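The values are calculated or read from the model by the stated rules, or taken from the named source; none is laboratory data. Not measured: the values here are computed from a predicted model. Positions of Cβ are backbone-derived with ideal geometry, glycine not excepted, and every protein chain shown enters the neighbour counts.
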Amino acid sequence: MKGAWGEDAARSYLEREGYRTVETNFRTRFGEIDIIASRGEYIVFVEVKTRKSDRFAAAREAVTAAKQQRITATAALWLQKHPSQLQPRFDVVEVYGEEGATAAPRIYHLENAFGG
């Protein structure tokens, strides 16, 4: 499954960059957040977009205003259940590649990609 493979690659990348995974695939009636992680002063809500390539469009372009609203609403519910002093931030991680390919996926991390 492309999405799960991409999310695993993104989570591994984030952990190598010093993020601590708090939760994955948090679902509510509003939507889902792929990865919730923390680093420093931030609790980070991460949307992962996986594509074979960026030939036609960047993966981040799939994170529309409507999708951002769903993620923001979902994050608000998570924060109600898990109060935190950390500053919330919304990131997008693009993963380009294919599961089982010999080449490692290309990963681009866009910090503070949108705000609530």
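The set of residues in region 9-27 that are buried (at least 16 other Cβ atoms within 10 Å of the Cβ) and either of a type in the set (A, V, I, L, M) or part of a helix (DSSP H, G or I) (or both) comprises Ala9, Ala10, Arg11, Tyr13, Leu14, Val22.
Residue check: Ser53 meets all listed conditions (1) small (Gly, Ala, Ser); (2) in contact (Cβ under 8 Å) with a residue 40 or more places away in the chain; (3) closer than 17 Å to Phe114 by Cα but one, namely (3). Residue-level check: of (1) buried (at least 16 other Cβ atoms within 10 Å of the Cβ); (2) of a type outside the set (Gly, Ala, Ser); (3) farther than 21 Å from Tyr96 by Cα; (4) in contact with a helix residue (DSSP H, G or I) (Cβ under 6 Å, 6 or more places away or on another chain), Phe30 misses just (1). Taking the listed residues Arg70, Arg89, the one that is part of a helix (DSSP H, G or I) and basic (Lys, Arg) is Arg70, with no other qualifying.
Can you tell me how many residues within region 83-104 are more than 15 Å from Arg60 (Cβ to Cβ) and either among the hydrophobic types (A, V, I, L, M, F, W, C) or in contact (Cβ under 8 Å) with a residue 40 or more places away in the chain (or both)? Counting residues in region 83-104 that are more than 15 Å from Arg60 (Cβ to Cβ) and either among the hydrophobic types (A, V, I, L, M, F, W, C) or in contact (Cβ under 8 Å) with a residue 40 or more places away in the chain (or both) gives 11. Between Ala37, Ala9, Ala59, the distinction of being of a type in the set (A, V, I, L, M), touching a Lys or Arg at 6+ places or on another chain (Cβ under 7 Å) and closer than 11 Å to Val95 by Cβ belongs to Ala59 only. For Arg20, the criteria (1) at pLDDT below 90; (2) of a type in the set (Lys, Arg); (3) over 14 Å from Asp91 (Cα atoms); (4) out of contact with any Gly (no Cβ under 9 Å at 6 or more places or on another chain) hold in every case but one, which is (1).
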